[in-house]
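Notes follow the structure.
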Amino acid sequence: MPGFAGAQRVSGSGWVLRAGGCHCGAVRFEIEVAPRPLLQECTCSICRMTGFVHLIVPASRFRLLGGGEALVEYRFNTGVARHLFCRHCGVKSFYVPRSHPHGYSVNARCLDDDVLADCEWLPPFDDADRDTATAAIAHFADD
């Protein structure tokens, strides 16, 4: 699979297993995603400032492999989104988004292999019209 050297097929499904983590390696996770996952940038202040590239997955296809004790949480505005940062290196490799509180948004830049060039890109999530933007991607965290 071009651009997916570290991806392994999940037996009996169309998904591939991808691993990632924070900069220092304290936080590690794996996800099951489509071979060419959908990525999306967001125009909100925290996503712009952290350079987050969203890859949304249902909770059932996300596994924290290690480093739960290294995560610190930050909430603002409505308090629904759970922004999780590594307490050692400060990287936010994934979080629980306000748009999908029953799933996770993984920062595609934190996957072990560079996937940005070999993915499908959605139009940016328009934070100024949050309701419409959320409705357009609501199904992403469904199994």
| request: Check whether at least one residue in the range 38-48 is modelled with pLDDT of 90 or more, in contact with a helix residue (DSSP H, G or I) (Cβ under 6 Å, 6 or more places away or on another chain), over 17 Å from Phe125 (Cα atoms) and among the aliphatic types (A, V, I, L, M), and report yes or no. | output: no
| request: Taking the options Gly79, Gly67, name whichever one is surrounded by 14 or more Cβ atoms within 10 Å (Cβ to Cβ) and either over 20 Å from Pro37 (Cα atoms) or at pLDDT 95 or above (or both). | output: Gly67
| query | Quick one: what pairs do we get from the range 113-128, first residue outside any loop (DSSP other than H, G, I, E, B), second at pLDDT below 85, C-beta under 7 Å, 6+ apart or different chains? | reply | Ala117/Gly3; Asp118/Pro2; Asp118/Gly3; Asp118/Phe4; Phe125/Ala133
| field | Residue in the range 48-65 that is more than 26 Å from Gly14 (Cβ to Cβ), outside any loop (DSSP other than H, G, I, E, B), free of Cβ contacts under 8 Å to residues at least 24 places away in the same chain and not β-branched (Val, Ile, Thr) present | value | yes
| note | Within the range 85-100, residues being in contact with a Cys (Cβ under 6 Å, 6 or more places away or on another chain) and either aromatic (Phe, Trp, Tyr) or not in a loop (DSSP other than H, G, I, E, B) (or both) number 1
| request: Answer yes or no as to whether Arg48 is among the basic types (Lys, Arg) and crowded, with 19+ Cβ neighbours inside 10 Å. | output: no
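The values are calculated or read from the model by the stated rules, or taken from the named source; none is laboratory data. Here the structure is a predicted model, which means the values were calculated and not measured. Positions of Cβ are generated from backbone atoms using ideal geometry, with glycine treated the same way; all protein chains shown enter the neighbour counts.
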